[in-house]
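Report on one structure; see the data block that follows.
The values are calculated or read from the model by the stated rules, or taken from the named source; none is laboratory data. Worth saying up front: this structure is predicted, and the values here are computed from it rather than measured. With ideal geometry, Cβ positions are generated from the backbone for all residues, glycine too; neighbour counts draw on all protein chains shown. What goes into the accessible areas is simple: the full protein's heavy atoms, side chains included, and nothing from ligands, DNA or RNA. Shrake-Rupley method; radii C 1.70, N 1.55, O 1.52, S 1.80 Å.
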Amino acid sequence: MKRRRITPPWIFLASALFCTHHELLVASAFSPPHTSSVGIARFLSQLRSASPQHDDDIDIDVDGVVNPSSGDAATTPTASAPAPPPLPIHKSVACDAGPLFQEERREEGDGLCTVIPHRGRFRKRVLVLCTGGTLTMSADPTKDNSLAPVQGALTEYLAGMRELTDDPEMPEIIAHEYKPLIDSSDMGPGDWAMIARDINTNYYHFDGFVVLMGTDTMAYAASALSFMLQNLGKPVIFTGSQIPLREPYNDARKNLIMATIFASSDTVSEVCIFFHDRLLRGCRATKVNTSKLKAFDSPNLPPLAEIGINIEENEHLFRAPPRGSFRINTSMDTRMIALRLVPGFDDASIKAIIDAARETHLKGLILQLYGTGNLPSVKDDFVTCLKGATDAGIVVVATTQCQSGSVILGHYATGQKLIGAGVVSASDMTIEATTTKLAYLLGRQDLSIDEVRDLMTVDLRGEMTSENELPPPPLASTYQKTIAKKNRSRVY
């Protein structure tokens, strides 16, 4: 009979003491101090060095202190720094949808919710968030038969669309209508933040998301969501229509169906706009037409996919899946103005606008300039005014008035003056991407003004073309063209 070995009790006691001592050492090394934000930053740096994070997006929250105005992680200034003026808060007239993945919770939310049952063998789920727009409109007899959003119209028509229920490969759809429905011209950062929060609440319970809204500010909303949703690993597809869904002939039906198909895709992991027959990157799109069905275009980036008899995807353009955890940051600082220059403009009036805006703590100035970022060479007083604005902590960004192409400030002499004045180039970003990106970076509050200026020239969400991939400027030398061609052929 084999004798059973008995471990002496002092060994258990020694092991417990060792483990307790080890845990105390780990806790003391990695427990965040509660005295200052500097200590928290030191704690986070130690934590990252112990377990490095691989994050594609350049969005690192240094101090995870909750901002009561936005509800997301933001940074509070140190005790020695003066308190900044409060951010202008844009609030949505609608309420958050909340959790929509549980049947009992759908009944508690504010708004209408419908479920299109899944009849296939796949278990894909898509959440449709409807804010309003032409797609939901009908003639309102109380308003001289002008078009107005109709509450419940989407719910009614979804229930009768057999394309969504009879095809075994279509996903299960849960649709939510915000109450009240919002015209896109009335939407702003508060509404974008509401959509971002609802996506965050339901993120791990759905395979993709569709956002229905009006077309007027859809490019702004898609650009804003591109920055708010950090490390996005699922498709978020914006769509709408030029003709209401109630009309016999409309573009709403196809746009809604195709947006749902792309929202259940495994290859898309970014914010996009689907309209007419193309899938566009959200932070690259802009509205170009008010009367044709092809209302949106992506001037400086080919479509991610085009629809014909088949779906032709440009897979090399899709963003790679993120390597960090999904999170949102919805705080946006909208203290900025955008000015489009015209020949013979009165620079004294513009200087007066800038000087008056300083009293309201202006943070950003976006200039739509000529060509590659030029302004009249005789406007030295205006350049001096811009220099004063940058010295005062205002981020001045130069964009181009051209439909396509890029800003190249260093190519002409007038552009060199702007560089000397501290003006930042927007490269080939659209005006929608430029404004929302600047508002997002300024709203972070954990970035200095110099860091905001630097990040405006960095590609964060595929919103701009890197400098090495841009074509050579006009009248470039043979050497410049050769270097540009070499950089474009290089594999990174």
Fill in: Looking only at region 407-463, and only at residues there that are open to solvent by 20 Å² or more (accessible area, probe 1.4 Å), part of a loop (DSSP other than H, G, I, E, B) and small (Gly, Ala, Ser), the one that is farthest from Phe326 (Cα to Cα)
Gly410
Worksheet item: On the given criteria, is Arg162 surrounded by fewer than 21 Cβ atoms within 10 Å (Cβ to Cβ) and under 16 Å from Pro235 (Cα atoms)?
Response: no
Worksheet item: How about region 194-225: which of its residues are over 21 Å from Ala148 (Cα atoms) and open to solvent by 10 Å² or more (accessible area, probe 1.4 Å)?
Response: Arg197, Asn200, Thr201, Tyr203, Tyr204, His205, Asp207, Tyr220
Fill in: Hits in region 342-383 (condition: crowded, with 18+ Cβ neighbours inside 10 Å and assigned to a loop (DSSP other than H, G, I, E, B))
Leu362, Lys363, Thr372, Gly373, Leu375
Discussion item. Just to be sure I understand, how many residues within region 349-379 are more than 26 Å from Lys437 (Cα to Cα) and touching a residue at least 24 places away in the same chain (Cβ under 8 Å)?
Written reply: 3
Response to the item:
Subset of region 384-406, residues open to solvent by 10 Å² or more (accessible area, probe 1.4 Å), part of a helix (DSSP H, G or I) and not small (Gly, Ala, Ser), comes to Thr384, Cys385, Lys387, Thr390, Asp391
Worksheet item: Is region 244-254 home to any residue that is outside any helix (DSSP H, G or I), farther than 22 Å from Ala305 by Cα and open to solvent by less than 40 Å² (accessible area, probe 1.4 Å)?
Response: yes
Worksheet item: What are the residue pairs meeting all of these: first residue in region 162-191, first residue hydroxyl-bearing (Ser, Thr, Tyr), second residue in a strand (DSSP E or B) and at pLDDT 90 or above, Cβ atoms under 8 Å, and 6 or more apart or on different chains?
Response: Tyr178/Leu129; Tyr178/Cys130
Fill in: Boolean, Ser241 is touching a Ser or Thr at 6+ places or on another chain (Cβ under 7 Å) and either under 30 Å from Thr334 (Cβ atoms) or modelled with pLDDT of 95 or more (or both)
yes
Discussion item. Condition first: under 28 Å from the mean Cα position of the chain (by Cα) and at pLDDT below 80. Can you find one or more residues in region 115-122 that meet it?
Written reply: yes
